[in-house]
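One structure, pasted below without further comment.
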Amino acid sequence: MDNIEKAEKLKRRANISYEEAKEILEQCDWDLLDAVIELEARGKIKSENSGSYTAPSNTHQEVPKNPKQVAETYQNYDKNKKKERSFFKIIWDGIVFLLKKGCENTFIVSKNGRNIMDIPVILLVILMVISLCTVLIIMLIALFCGYRYSFSGPDLGNDKVNSVMNKAGDAAENIKDEFSCKDAYPNSSENREKDTENNKNETQEN
């Protein structure tokens, strides 16, 4: 809890002006418990035997009987505020970390050993979030067209990650080669079977 919040809380609790609250807190080195005790000593807060305290304006407000409980209430409030700030700070730090790493690492598209395109990884992630299926289909088609993928950067640009990408490219090339052979020699197996049968017939005739 910062000094302004302490002054505002003490002002509302003791029903005094902001200047008075600030003055008493400054005198007590911004310690709420000491400030409450000092106000009680000055008669601006009734003793702990009373269930309430009044300001000189004769207004009435219920407070805990023990002034220490007032300070503890402020301290609990301060702790809860710090927890909330810590939670949001963790989330914010995580987002900043991911953005930083996404910009430091690069996704590279190449063909025949020549880089065609390289983009920050964060942009690739954004594209996948927008349309995952479309991006995956385009990447798969590009693999069969001879394109290769790799990463560079301090986190993703290592042999382990890029070897996986190379294996994916090799697998696509092997599948493409198999289909190319079948298209080039569609009747090769049938011709071999016919040749085998003809050889058998010739042997039987002889």
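Taking only the alpha-carbon positions of the range 105-188 and ignoring solvent, what does the Debye formula give for the base-10 log of I(q)/I(0) at q = 0.21, 0.23, 0.27 Å⁻¹?
With one equal scatterer per Cα and no solvent, log10 I(q)/I(0) is -1.04, -1.18, -1.39.
So which of Lys6/Lys89; Lys89/Lys160; Lys6/Lys44; Lys101/Lys160; Lys11/Lys89; Lys111/Lys167 end up more than 25 Å apart, counting from Cα to Cα? Working shown, then result.
On the way: Lys6/Lys89 23 Å; Lys89/Lys160 33 Å; Lys6/Lys44 17 Å; Lys101/Lys160 18 Å; Lys11/Lys89 30 Å; Lys111/Lys167 15 Å.
As for pairs spanning more than 25 Å Cα to Cα, those are Lys89/Lys160; Lys11/Lys89.
All of the numbers you see were taken from the coordinates with simple rules; none came from a lab. Since we're looking at a predicted model, the values are computed, not measured.
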